[in-house]
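Below is one structure, written out as structure tokens, with a few remarks after it.
The values are calculated or read from the model by the stated rules, or taken from the named source; none is laboratory data. Just so we're clear, the structure is a prediction, and the values are computed from it rather than from any experiment. Cβ atoms come from the backbone with ideal geometry, glycine included; neighbour counts cover every protein chain shown. Remember, those area values only see protein heavy atoms, side chains included, never the ligands or the DNA or RNA. Shrake-Rupley method; radii C 1.70, N 1.55, O 1.52, S 1.80 Å.
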Amino acid sequence: MRRVTLSQFLVSRQRDRNLINADLRLLIETIARACKAISTRVNKGALAAEGLGFTGTKNIQGEAQKTLDVLSNEILLEANEWGGNLAALVSEEMEDPRPIPTHYPRGEYLLLFDPLDGSSNIDVNISVGTIFSILRCPKLPSGKYCEPDEQAFLQAGRHQVAAGFAVYGPTTVFVITVGDGVYGFTLDRESFTFVQTHPEIRIPEDTQEFAINTSNMRRWEAPVKRYIDECLAGSDGPRGKDFNMRWVASMVADVFRVLCRGGIFMYPRDAKNKEGRLRLMYEANPMAFIVEQAGGAATDGRTPILDLQPKRLHQRCAVILGSKNEVDRVTAYHQK
């Protein structure tokens, strides 16, 4: 059976379903090409001339940057700034948005991305990835697009027109939603083409698998501790069934596992990280959009993530996402 390529899938969303326009299709294809380039650099590992180590610099988050963090950021910037699809773009590694240079045409979209999620794992050969979110640039009352400054990006997650992520693991997988479900594509190394391998992904509503960093247990809020204690009690506890724990410490890998076989992924707020640890704009919003489109749920414990109104470009939040019934249970514990 002939498989559908990413380009064919996107053309069908444009031509047959009228879900996206040509500019959005080209933008997603450009992001996918950049992810192929990043995948190639990641796969070289320690053989790459630039190596895997730290650069000696820190990003706006105050985190030490690795060489591949910087390189992945540059690949995405260079690939996307000249195509005429974007008004501006910004990443987790940048302090401020970058408007499209005036000598290039400007488009109607805004791009946010985490160029190399999980990069702390890169030197031990654990899966890493890229996460992206696409918004429309707001319009002024005159009908013209507003100046694409920080304020233009501060839109709730429900305004996303597309989101996706790539996982650079044993295979490179590209996951995408344009608002009509979630689809996965695997990179064919022979043709260097993304080919659909995961059509219409649906997350089971129930699960017996959870992902959380239990080393932070002493700092958790009571509702989270209650939920995990019940999971750990297994068939002898109030849930009456045994749970498995999985924790990769790479969000793209953990979320892809949830998409493939169900589960709940949790990075809650705690006594140390009172807002939460993950970034709302670059990680939580795009992943929440994908998870909801796959039939799951995503919350910060109290509010659906997609309903949160961002106040800052690099704002952090708590993340609890995955199988709907489990996420609803944790939310109910917070409400009590």
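Number of residues in the stretch 191-240 that are outside any helix (DSSP H, G or I) and not polar (S, T, N, Q): the value is 22.
Considering each residue of the stretch 192-199 in turn, none proves to be farther than 24 Å from Leu26 by Cβ, modelled with pLDDT of 95 or more and open to solvent by 40 Å² or more (accessible area, probe 1.4 Å).
Quick one: is Arg279 open to solvent by 20 Å² or more (accessible area, probe 1.4 Å), closer than 20 Å to Asp114 by Cβ and within 19 Å of the chain's Cα centre (by Cα)? Even if it seems obvious, please write down each step before you answer.
On the way: open to solvent by 20 Å² or more (accessible area, probe 1.4 Å): no; closer than 20 Å to Asp114 by Cβ: yes; within 19 Å of the chain's Cα centre (by Cα): yes.
Taking the combined requirement at face value, the residue does not satisfy it.
The residues in the stretch 282-307 that are out of contact with any Lys or Arg (no Cβ under 8 Å at 6 or more places or on another chain) and open to solvent by 30 Å² or more (accessible area, probe 1.4 Å) can be counted, and the count is 5. Exactly one residue out of Ile228, Ile305 is among the β-branched types (Val, Ile, Thr) and closer than 18 Å to Ala163 by Cβ, and it is Ile305. One residue stands out among those in the stretch 66-107 that are of a type in the set (S, T, N, Q) and within 23 Å of Cys146 (Cα to Cα): the one that is modelled with the lowest pLDDT, which is Thr102. Within the stretch 309-336, the residues that satisfy the criterion of being in a loop (DSSP other than H, G, I, E, B) and within 19 Å of Ser91 (Cα to Cα) are Gln309, Pro310, Lys311, Arg312, Leu313, His314, Gln315.
Somewhere in the stretch 238-248, is a residue polar (S, T, N, Q) and closer than 21 Å to Ser133 by Cβ?
Checking the stretch 238-248: not a single residue is polar (S, T, N, Q) and closer than 21 Å to Ser133 by Cβ.
Considering the conditions (1) open to solvent by less than 50 Å² (accessible area, probe 1.4 Å); (2) within 15 Å of Ser133 (Cα to Cα); (3) not aliphatic (A, V, I, L, M), Gly184 is excluded by exactly one of them, (2). Within the stretch 324-336, the set of residues being among the polar types (S, T, N, Q) and within 22 Å of Leu280 (Cβ to Cβ) comprises Thr331, Gln335. Checking each residue in the stretch 313-329 for being free of Cβ contacts under 8 Å to residues at least 60 places away in the same chain and open to solvent by 60 Å² or more (accessible area, probe 1.4 Å) picks out only Asp328. Among the residues examined, Tyr267 qualifies as open to solvent by 20 Å² or more (accessible area, probe 1.4 Å) and among the hydroxyl-bearing types (Ser, Thr, Tyr).
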